[in-house]
Each structure stands twice: as C-alpha cells, then as structure tokens.
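Visitor: The structure follows.
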Amino acid sequence: MVIVLLGPPGAGKGTQCKRIIEKYRLVHLSSGDILRSERAAGTELGKKAQEYMDSGKLVPDQLIIEMMVKAIAAANGNCVLDGFPRTVVQGAELDKELALKAKKISAVVNLVIDDEVVEKRLSGRRSCPVCGAVYHIDTLKPKIKGFCDKCKGQKLVQRPDDKPEVVKQRLKTYHEQTAAVVGYYSDSGQEILDIEADGPIDDITAEIFEKLDSLVTAR
Ligand code: AP5
C-alpha cells in the first residue's frame, strides 16, 4: 500500500503520518527527514541539499527521485510518502517506478490550509534533534518545557528553515511548484482525499482515517 500525503509546509503532514503508519502498519518516508539525516551524516547528498533547504527552495528532482526510489524499495512499497512528490516530474517518475513493480498509489491525501495558519504554526514548532519528535509551543507541548518527552534531558530545537523569511520562501515554492502535483493526480484520474487541516489534530486524524477506511473497504 502506498499513500501519498500532500500539503503545504506546516500543514501537519509529519504529525498525521506518524498516526497513519501506526494504524495501517506502513513505513513513514519523509523526504525532508531523510535529507536532514543525510545532512547530519555529512554525505555528498546532504551537502548538495543544504543550500536549497536553508533557502526554502526545492532540492533538484534527480537527487530526490534517486533517494526516494531507494527508500520505497527498502520499505517494500508499503509506505506513506510525506513531502514526495513535490513536482510534477517527481510524480511522473514515482508512477513509472511503481508500475515497474506492478504497484500503484492507493490513496492521495491532500491537507488543505491557509498560508497565515501555517506561518503561525511553523514559528512555534520545536523538534528533538535525536529522535525527530515534533512539538509545538502552544498546541503540542512537551511535558517539560523545552525538552523531549522521549529522550530525557534532550533540548528541543527550532528548524533553521522555520525562520519567518525562509517560511515565506517555502510557501512561495509550494504555490509555484508543488501545488501543481494535485492537478497532476486529478488529471490522471486519481481520487484525491481533500482534508481541511485547520482544526484540532485528533479531529483531522479521525477524518483521514474515515476516508482511508472507506477507500480500503471499497477495494
Ligand atoms: P520538509 O521537511 O518536507 O518540510 P515541509 O513539507 O515544508 O513540511 P514540514 O515538515 O515543515 O511540515 P509538516 O506538514 O510535516 O507539518 P508538521 O506535522 O511538522 O522539507 C524540508 C525541505 O527539504 C524543503 O523545503 C526542500 O528544500 C527539501 N525537500 C523535501 N522534500 C523534497 C522534494 N520532494 N523535492 C525537493 N526538495 C525537497 O506540523 C508543523 C507544526 O504544526 C508542528 O509544530 C505541529 O506540532 C503543529 N501542528 C500540526 N498539526 C496541527 C494542528 N492540526 N493544529 C495545530 N498545530 C498543529
């Protein structure tokens, strides 16, 4: 089963993916998280990606496609894709790769939300540099302020690309290059599950589960 989760920066893709993978027993493949691990490990890919990520631009398609094709193969094609595809070229390459393995996308979930809401959300996001757990200073507080619940004593950090000026560029990049991926899927006849993503986290999860369940049952 391959689920694609679309939506602008800060729409809650990572937050919802963690819940989807538990319920449907899938692997969470976040292109952003994989790139951040590559950077932390100092790999060639990580070094190439750095400048693009820190300025809120997209890493070139070829680098991303190669990285994600490997990750999908390692997950045996049972995964939720978070942040990929992000261009129409990436979408077409994903379809080709899946067809080679006689697979196809099971569901496309599209988180819909206004720019002003995500700008506020991203300014309050904090994450654990060790386990990657994501918190928010108002809506998803850790038990001890500023520290990860799971990695005791580990200070939470703010992602460098969550600075307001980089968030503005990430949103611009989303509208100019990534929003078209929704059109790519609807043109190809793929059903898109639109979810209004401005609301309590649990309500959004419930709506995603309801729509995914009815899709899975219908097959
Ligand atoms: P990436 O890491 O994928 O960033 P993104 O898509 O911009 O998404 P985010 O991780 O910022 O947000 P999210 O939607 O996961 O929200 P979250 O759940 O954390 O990519 C980073 C960079 O890598 C890109 O800019 C690009 O350079 C590069 N890149 C990655 N993939 C690429 C690709 N395919 N091609 C080319 N380049 C690529 O939630 C955000 C905050 O809000 C959290 O604090 C959370 O607690 C809170 N929150 C979540 N839901 C709610 C809610 N319902 N109500 C209130 N608060 C909420």
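Visitor: Which of the residues that make up segment 21-41 are over 15 Å from the mean Cα position of the chain (by Cα) and more than 14 Å from the ligand (Cβ to nearest atom)? Lay out the reasoning, then the answer.
Guide: The first filter runs over segment 21-41 and keeps only residues over 15 Å from the mean Cα position of the chain (by Cα), leaving 22-25, 38-41.
Across segment 21-41, the qualifying residues are E22, K23, Y24, R25, A41.
Visitor: Looking for whichever is part of a helix (DSSP H, G or I), within 13 Å of the ligand (Cβ to nearest atom) and within 21 Å of G32 (Cα to Cα) here; the options are E207, E176. Which one fits? Spell out how you get there, then give the answer.
Guide: Details: E207 fails: within 21 Å of G32 (Cα to Cα).
None of the other options fit; the residue is E176.
Visitor: Residues L94, L81, L63, L140: which one is of a type in the set (A, V, I, L, M) and not assigned by TED's automatic domain parsing to the domain that holds D33?
Guide: Numbers: L94 fails: not assigned by TED's automatic domain parsing to the domain that holds D33; L81 fails: not assigned by TED's automatic domain parsing to the domain that holds D33; L63 fails: not assigned by TED's automatic domain parsing to the domain that holds D33.
Just one listed residue meets the conditions, L140.
Visitor: Can you work out which of the residues in segment 180-202 that are within 19 Å of Q16 (Cα to Cα) and aliphatic (A, V, I, L, M) is nearest to the ligand (Cβ to nearest atom)? Working first, answer last.
Guide: Step one: filter segment 180-202 for residues within 19 Å of Q16 (Cα to Cα), giving 182, 192-202.
Keeping just the survivors that are aliphatic (A, V, I, L, M) gives 182, 192-193, 195, 197, 201.
Working: V182: 14, I192: 17, L193: 16, I195: 10, A197: 6, I201: 4 Å.
Of everything passing the filter in segment 180-202, I201 is nearest to the ligand (Cβ to nearest atom).
Visitor: How do the strands (runs of 3 or more DSSP E) wholly within segment 75-140 filter down when requiring 2 or more residues that are out of contact with any Ser or Thr (no Cβ under 8 Å at 6 or more places or on another chain): which remain? Working first, answer last.
Guide: Details: elements: 79-82, 107-112, 125-127, 134-136.
Where strands (runs of 3 or more DSSP E) fall fully within segment 75-140 and carry at least 2 residues being out of contact with any Ser or Thr (no Cβ under 8 Å at 6 or more places or on another chain), they are 79-82, 107-112, 125-127.
Visitor: Of D33, D54, which residue is over 18 Å from A179 (Cα atoms) and touching a Pro at 6+ places or on another chain (Cβ under 7 Å)?
Guide: Answer to the check: D54.
Visitor: Let me ask you something else. Which condition does I65 not pass, out of (1) surrounded by fewer than 16 Cβ atoms within 10 Å (Cβ to Cβ); (2) more than 24 Å from E207 (Cβ to Cβ), if it passes all the others?
Guide: (1)
Visitor: Next question, about the same structure. Given the structure, is L171 within 15 Å of the chain's Cα centre (by Cα) and over 19 Å from Q16 (Cα atoms)? Talk me through it step by step, then tell me what you get.
Guide: Working: within 15 Å of the chain's Cα centre (by Cα): yes; over 19 Å from Q16 (Cα atoms): yes.
Judged against the criteria, L171 is a match.
Visitor: Let me ask something else about it. Could you please find all residues in segment 42-74 being among the β-branched types (V, I, T) and near the ligand (Cβ under 8 Å from one of its atoms)?
Guide: To start, the set of residues in segment 42-74 that are among the β-branched types (V, I, T) comprises 43, 59, 64-65, 69, 72.
Selection gives V59, I64.
Visitor: Would you check if V118 is touching a residue at least 60 places away in the same chain (Cβ under 8 Å), more than 7 Å from the ligand (Cβ to nearest atom) and of a type outside the set (F, W, Y)? Let's see the steps before the verdict.
Guide: Numbers: touching a residue at least 60 places away in the same chain (Cβ under 8 Å): yes; more than 7 Å from the ligand (Cβ to nearest atom): yes; of a type outside the set (F, W, Y): yes.
So V118 passes the test.
The values are calculated or read from the model by the stated rules, or taken from the named source; none is laboratory data. These numbers were taken from a predicted model, which means no experiment stands behind them. FYI the Cβ positions are ideal-geometry reconstructions off the backbone, even for glycines, and counts take in every protein chain you see.
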